[in-house]
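The values are calculated or read from the model by the stated rules, or taken from the named source; none is laboratory data. Predicted model, so just to flag it, every value in this text is computed and none were measured. Cβ placement follows ideal geometry from the backbone for every residue including glycine, while neighbour counts extend to all protein chains displayed. Ligands, DNA and RNA are stripped out before the accessible areas are found, and what is left, the full protein with its side chains, is counted by its heavy atoms. Shrake-Rupley method; radii C 1.70, N 1.55, O 1.52, S 1.80 Å.
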Amino acid sequence: MASRPPRTGITREQIFKQIMEQQRKIKEKMSKIKYKIMILSGKGGVGKSFVTASLAFALAKKGRKVAILDADIHGPSIPKMTGLQGYTLMASPEGEILPATAELGVKVVSIGLMLAEAATPVIWRGPLKASALRELLAYTAWGELDYLLIDLPPGTGDEQLSIAQLIPDLTGAIIVTIPSDVSRIVVLKAVTFAKKLNIPIIGIIENMSYFECPDGSRHYIFGKGAGRRIAEETGLRFLGEIPIDPRISEANDKGEPFFIKYPDSKAAKAFLAVADRVIEIVEGGGEEKGPSTEK
Ligand SMILES: Nc1ncnc2c1ncn2[C@@H]1O[C@H](COP(=O)(O)OP(=O)(O)OP(=O)(O)O)[C@@H](O)[C@H]1O
Ligand SMILES: [Mg+2]
């Protein structure tokens with residue numbers, strides 16, 4: 001049986017007009033944000049959300065104005081990783097979404113901050129997800145920012161495509177991986193996706209690179225150097241490695257931002273180094289001018 005058209009009570013023309021208006025608003029709002037970066041990985045559970053949250057704090061620590069858009073609609077984990085779990089987003093008198101503010105002034109917008117219960121599942125198909133992302137981008141009072149980091153679900157599906165289409169002037173993508181050769185193929189998928197859509201790749205971050213014992217010895221649990229090898233093979237920049245630290249999952253589980261709680265940890269310092277590298281690449285200066293897929 002043919003599916004019935006939805007009874008929205010509005011005409012196609014009205015929908016079209018509304019979309020055009022939203023696109024115009026997105027363009028206007030995005031023009032006030034200097035650098036817009038999507039965090040990609042072909043694979044789940046590699047630490048994208050943790051990397052997004054920590055990189056946002058590290059950039060803020062370096063004096064940048066930063067916001068995060070949590071574009072993971074089914075599994076939003078940014079509220080917890082930024083210490084904002086339990087907060088609800090408010091609207092301005094003009095009816096715009098006001099981002100929640102985490103430590104160091106990092107602004108956060110997430111579907112997770114709109115649900116009554118964190119465990120409420122969101123069951124939306126592609127077109128609805130695309131319009132939710134369009135509305136979040138168009139109706140949020142982002143203000144003037146240096147960086148907007150966009151956390152995405154794993155893979156290269158609807159959300160990645162929507163973001164690429166909604167923000168045509170994306171500064172670039174950062175690819176997160178773990179150091180196993182199995183993740184090589186998934187990283188290559190993310191690289192192909194970015195290249196097809198003409199999104200410059202800023203570089204690769206290797207998460208969970210090694211575990212350091214109190215005696216200083218390093219153990220390469222998932223293998224050694226795969227992130228760097230993938231970067232060399234693909235001609236991409238290697239932005240740095242983040243060690244494994246059991247306090248990371250503990251802090252994330254408790255809803256305490258790791259970067260803020262353990263500023264002297266090796267992992268927090270690694271994020272500051274990655275932030276320096278990102279700043280150097282996207283803000284130009286030196287020999288590296290702007291992101292490219294070349295090393
Ligand atoms: N360097 C690390 N050391 C220890 N634990 C880590 C590290 N990085 C991430 N984790 C933990 O690994 C788990 C997965 O991290 P995260 O949720 O950021 O991954 P993700 O790629 O966003 O996952 P998804 O694909 O489900 O969105 C979390 O429990 C997180 O606390
Ligand atoms: Mg995630």
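Worth a mention:
- For peptides 269-278, 84-93, 195-204, sequence by mean Cβ density within 10 Å, most packed first: 269-278, 195-204, 84-93
- Solvent-free Debye scattering, log10 I(q)/I(0), computed from the Cα coordinates of the chain at q = 0.10, 0.11 Å⁻¹: -0.53, -0.64
- Shape descriptor for the range 146-295: Rg over Rh equals 0.97 (Cα atoms; Rh from the Kirkwood inverse mean 1/r).
- Placing unit charges on the Cβ atoms only, positive for Lys and Arg and negative for Asp and Glu, gives the range 174-295 a dipole magnitude near 380 debye about its Cα centre.
- Net charge dipole size for the range 34-282 [Lys, Arg +1 and Asp, Glu -1 on Cβ; Debye, nearest 20]: 540 debye
- Cα-based shape type of the range 126-176, given that a ≥ b ≥ c are square roots of the gyration tensor eigenvalues and the cut on a/c is 1.5: oblate
- 1.4 Å probe accessible area per residue over the chain, in Å²: 49 Å²
- Placing unit charges on the Cβ atoms of the charged side chains and taking the dipole of the chain about its Cα centre, the candidate lying farthest along the positive direction among Ala141, Leu84, Ala270 is Ala141.
- Per atom type, the chain shows carbon and sulfur on 54% of its accessible surface, probed at 1.4 Å.
- Considering only beta bridges that DSSP places wholly inside the chain, some 15 percent are antiparallel.
- Checking every one of the trypsin sites (Lys or Arg not before Pro) in the range 207-263 against DSSP loop status and a limit of 15 other Cβ atoms within 10 Å picks out Lys224.
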